[in-house]
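Q: Pasting a structure here, questions to come.
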Amino acid sequence: MLWSLIKFLIFIGLVAALAFGAMYLIDTGGGVRIAVANTEFSFGPVQAVVAAILLLIVLWIVLKLAGLLVATLRFLNGDETAISRWFDRSRERKGFEALADGLMALASGESRVAMSKAAKAERYLRRPELTNLITAQAAEMAGDGKKAEEVYKRLLADDRTRFVGVRGIMKQKIAAGDTDTALKLAEKAFALKPRHEETQDVLLRLQAEQHDWKGARKTLSTKLKYGALPRPVHRRRDAVLALGEARDVVDDSKSIEAREAAIEANRLSPDLVPAAVMAARAYLERDQRRYATRVLKKAWGAAPHPDIAGAFAEIEPDEAPKDRIKRFQALTRQNPSHSETKLLLAELNVAAEDFAAARAALGDLPETMPNTRVLALLAAIERGEGAPESQVREILTRALSAPRGPQWVCDNCQNVAGDWEPVCTNCGAFDALSWREPPAAAASAVRGPGGEVLPLLTGMPEMEPGPVENGDRGSAAQAEEVVEEEVRETPAPDTAPEPGEPEPEGEKPRTAAS
Ligand SMILES: [Zn+2]
């Protein structure tokens with residue numbers, strides 16, 4: 001700052017001095033007389049100016065020669081690089097000029113000129129990290145892939161340019177379709193610069209293409225960490241990645257027909273149900289109810305599951321129980337002999353207070369599959385049909401000690417989850433939940449003493465949803481919720497429906513765990 005001020009002042013001073021000198025020359029009528037020893041030189045005004053310029057040039061040359069002389073003296077005194085340094089200064093100037101020309105040529109699309117200028121700059125400057133960049137870009141522009149790759153490889157040697165080199169070669173490999181090598185290079189580039197958004201996206205795409213779901217999820221969480229992804233988007237994408245096999249069902253870029261085909265293809269996949277539910281919810285978010293219906297209908301045909309029924313109920317959350325039975329025919333007409341279909345139909349009819357139809361729908365399930373859910377439904381039907389209270393309680397007591405039926409169970413730690421999650425909430429295992437009967441030990445371990453459930457059995461109407469419902473989702477509390485819901489929702493003489501509970505959804509017990 002101070003130095004620029006001084007330079008400015010010197011410049012002003014010089015201009016002032018020149019102006020003053022010129023005025024003086026004009027005022028005196030011209031002529032400068034210089035006396036050297038006994039000889040006198042006299043100049044006219046123009047001659048004086050020319051002489052001054054010549055003097056300046058001579059002075060400049062003398063200064064340069066003096067610099068060279070000093071460098072030579074230093075060289076003679078043992079400083080070996082002194083002379084080359086002196087010459088270097090002019091080389092540097094020429095080098096940077098060539099570099100600037102190269103950049104201009106690159107910007108105007110003259111790849112050949114850019115390459116030759118870069119080569120010239122390299123001769124003068126010996127700064128490969130600068131000149132190689134231009135050469136590589138120019139070679140790419142000219143379509144000379146071989147030359148570009150060669151230069152990129154040279155860039156790998158320098159720490160400062162390694163990332164550019166890796167990225168350049170990676171792009172070439174992607175263009176050539178060599179995704180294996182490209183993936184490795186993308187991983188390397190990602191390790192060098194994890195914040196680089198383009199690298200994150202390329203790596204994510206390559207990992208997904210190669211079905212490296214674990215790696216893809218790691219990349220995704222890095223994206224989240226560096227703020228390149230909003231949290232809800234991350235959660236959804238993460239879940240999609242976790243749905244390894246059935247991911248085409250959830251893939252937003254797929255058409256409804258492609259998704260139906262994917263459901264058909266993944267009939268036996270444990271990921272099918274969560275994938276279909278997720279796809280249907282994505283449609284609902286965009287208010288595309290017809291597509292949501294199609295996805296769930298197809299999924300029910302492939303694998304009936306309470307979660308599918310739950311999502312199907314979300315399509316029309318406020319409809320009357322009778323209308324609901326009618327709309328649910330899209331599901332219940334498929335797989336009519338499947339226990340899940342029977343249960344769904346029974347639940348819908350209980351909600352509509354058509355207990356005879358509910359009993360018919362339940363069929364022989366109380367004998368063949370007496371689990372908590374079946375028995376809770378049976379108790380609700382009995383109560384609805386006006387059976388004595390003691391009989392209802394007897395069924396509910398049986399329901400509590402009955403097997404829970406299939407649930408989302410972690411294959412790693414056997415934890416029972418209320419809802420499907422990409423990661424086990426208990427042990428953190430990835431994609432480990434499967435829909436099955438929990439092992440007996442786990443079921444009894446989480447069931448607890450049962451004391452907290454007993455008040456429910458007495459059918460007390462003022463009973464608030466206690467710790468059982470609001471407590472840990474990952475416990476077998478779900479089954480107790482079934483009992484509790486049934487007790488509360490069934491319009492029995494001594495059990496008035498709670499005013500704050502208007503929704504008579506048949507499948508509510510399952511979807512309650514949301
Ligand atoms: Zn687990």
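Q: Here is a check on your reading of the model: is Ala313 open to solvent by less than 20 Å² (accessible area, probe 1.4 Å), touching a Pro at 6+ places or on another chain (Cβ under 6 Å) and in contact (Cβ under 8 Å) with a residue 60 or more places away in the chain?
A: Working: open to solvent by less than 20 Å² (accessible area, probe 1.4 Å): yes; touching a Pro at 6+ places or on another chain (Cβ under 6 Å): no; in contact (Cβ under 8 Å) with a residue 60 or more places away in the chain: yes.
It is false that Ala313 is open to solvent by less than 20 Å² (accessible area, probe 1.4 Å), touching a Pro at 6+ places or on another chain (Cβ under 6 Å) and in contact (Cβ under 8 Å) with a residue 60 or more places away in the chain.
Q: Kindly indicate the residue of region 381-429 that is within 16 Å of the ligand (Cβ to nearest atom) and open to solvent by 70 Å² or more (accessible area, probe 1.4 Å) and also nearest to the chain's Cα centre (by Cα) among those meeting that condition. Quick ask: steps written out before the conclusion?
A: From region 381-429, those within 16 Å of the ligand (Cβ to nearest atom) are 407-429; that's our starting set.
Filter once more, so that each one left must be open to solvent by 70 Å² or more (accessible area, probe 1.4 Å): 411-412, 421, 425-426.
Working: Asp411: 27, Asn412: 26, Glu421: 18, Thr425: 21, Asn426: 24 Å.
Only one residue fits best here, namely Glu421.
Q: Which of the residues belonging to region 238-283 are of a type in the set (Lys, Arg) and either at pLDDT 75 or above or farther than 22 Å from Leu220 by Cβ (or both)? Don't jump to the end; show me each part of the working.
A: At the first step, the residues of region 238-283 found to be of a type in the set (Lys, Arg) are 247, 254, 259, 267, 281.
Correct list: Lys254, Arg259, Arg267, Arg281.
Q: Of everything in region 239-283 that's among the basic types (Lys, Arg) and farther than 16 Å from Arg294 by Cβ, which residue is surrounded by the most Cβ atoms within 10 Å (Cβ to Cβ)? Give the derivation first.
A: Filtering region 239-283 for residues among the basic types (Lys, Arg) gives 247, 254, 259, 267, 281.
Cutting the leftovers down to farther than 16 Å from Arg294 by Cβ gives us 247, 267.
Details: Arg247: 21, Arg267: 12.
This residue is Arg247.
Q: OK, next. Considering every residue within region 336-350, establish whether at least one is buried (at least 20 other Cβ atoms within 10 Å of the Cβ), touching a residue at least 60 places away in the same chain (Cβ under 8 Å), touching an Asp or Glu at 6+ places or on another chain (Cβ under 6 Å) and more than 21 Å from Val295 (Cβ to Cβ).
A: yes
Q: Looking at (1) at pLDDT 85 or above; (2) part of a helix (DSSP H, G or I); (3) of a type outside the set (A, V, I, L, M, F, W, C), which one does Pro232 not meet, given that it meets all the others?
A: Here Pro232 meets the rest and fails (1).
Q: Additional query: Can you work out which of the residues in region 167-209 that are in contact with a Phe, Trp or Tyr (Cβ under 8 Å, 6 or more places away or on another chain) and crowded, with 20+ Cβ neighbours inside 10 Å is modelled with the lowest pLDDT?
A: My answer is Gln207.
Q: How do the pairs read when you match residues in region 413-436 that are over 18 Å from Leu243 (Cβ atoms) and outside any loop (DSSP other than H, G, I, E, B) with residues anywhere that are of a type outside the set (A, V, I, L, M) and near the ligand (Cβ under 10 Å from one of its atoms), using Cβ under 7 Å and keeping only pairs 6 or more apart or on different chains?
A: Listed by first residue and then by second, the contacts come to Val416/Gly474.
Q: Could you tell me which of the residues Arg373, Arg398 is among the basic types (Lys, Arg) and in contact (Cβ under 8 Å) with a residue 60 or more places away in the chain? Don't jump to the end; show me each part of the working.
A: On the way: Arg398 fails: in contact (Cβ under 8 Å) with a residue 60 or more places away in the chain.
Of the residues listed, the single one that is among the basic types (Lys, Arg) and in contact (Cβ under 8 Å) with a residue 60 or more places away in the chain is Arg373.
Q: Might you check whether a residue that is polar (S, T, N, Q), closer than 16 Å to Leu343 by Cβ and part of a loop (DSSP other than H, G, I, E, B) occurs anywhere in region 364-375?
A: From region 364-375, those polar (S, T, N, Q) are 368, 371-372; that's our starting set.
Going one step further and asking which of them are closer than 16 Å to Leu343 by Cβ, we end up with 368, 371-372.
Among the residues that remain, those that are also part of a loop (DSSP other than H, G, I, E, B) are: 371.
Yes, some residue in region 364-375 is polar (S, T, N, Q), closer than 16 Å to Leu343 by Cβ and part of a loop (DSSP other than H, G, I, E, B).
Q: Sort out which residues of region 51-71 are more than 24 Å from Trp86 (Cα to Cα) and surrounded by 12 or more Cβ atoms within 10 Å (Cβ to Cβ), and write them in order of number.
A: Passing the criteria: Ala51, Ala52.
Q: So Lys173 ticks every box in (1) assigned to a loop (DSSP other than H, G, I, E, B); (2) under 29 Å from Gln210 (Cα atoms) but one. Which box is left unticked?
A: (1)
Q: Sticking with this structure for a sec: Does any residue of region 210-218 turn out to be more than 24 Å from Gln172 (Cβ to Cβ), open to solvent by 30 Å² or more (accessible area, probe 1.4 Å) and not in a helix (DSSP H, G or I)?
A: no
Q: Here's something else I'd like to know. Go through region 352-380 and count every residue that is surrounded by fewer than 23 Cβ atoms within 10 Å (Cβ to Cβ), within 22 Å of Pro317 (Cα to Cα) and among the small types (Gly, Ala, Ser).
A: Counting residues in region 352-380 that are surrounded by fewer than 23 Cβ atoms within 10 Å (Cβ to Cβ), within 22 Å of Pro317 (Cα to Cα) and among the small types (Gly, Ala, Ser) gives 1.
Q: Still on this structure, please answer the following. Consider Leu344 carefully, then state whether it is under 40 Å from the mean Cα position of the chain (by Cα) and modelled with pLDDT of 90 or more.
A: Yes: the conditions hold for Leu344.
The values are calculated or read from the model by the stated rules, or taken from the named source; none is laboratory data. Everything numeric in this text was worked out from a predicted model, so none of it was measured. With ideal geometry, Cβ positions are generated from the backbone for all residues, glycine too; neighbour counts draw on all protein chains shown. Please note that ligands, DNA and RNA were not included when accessible areas were found on the heavy atoms of the full protein model with its side chains. Shrake-Rupley method; radii C 1.70, N 1.55, O 1.52, S 1.80 Å.
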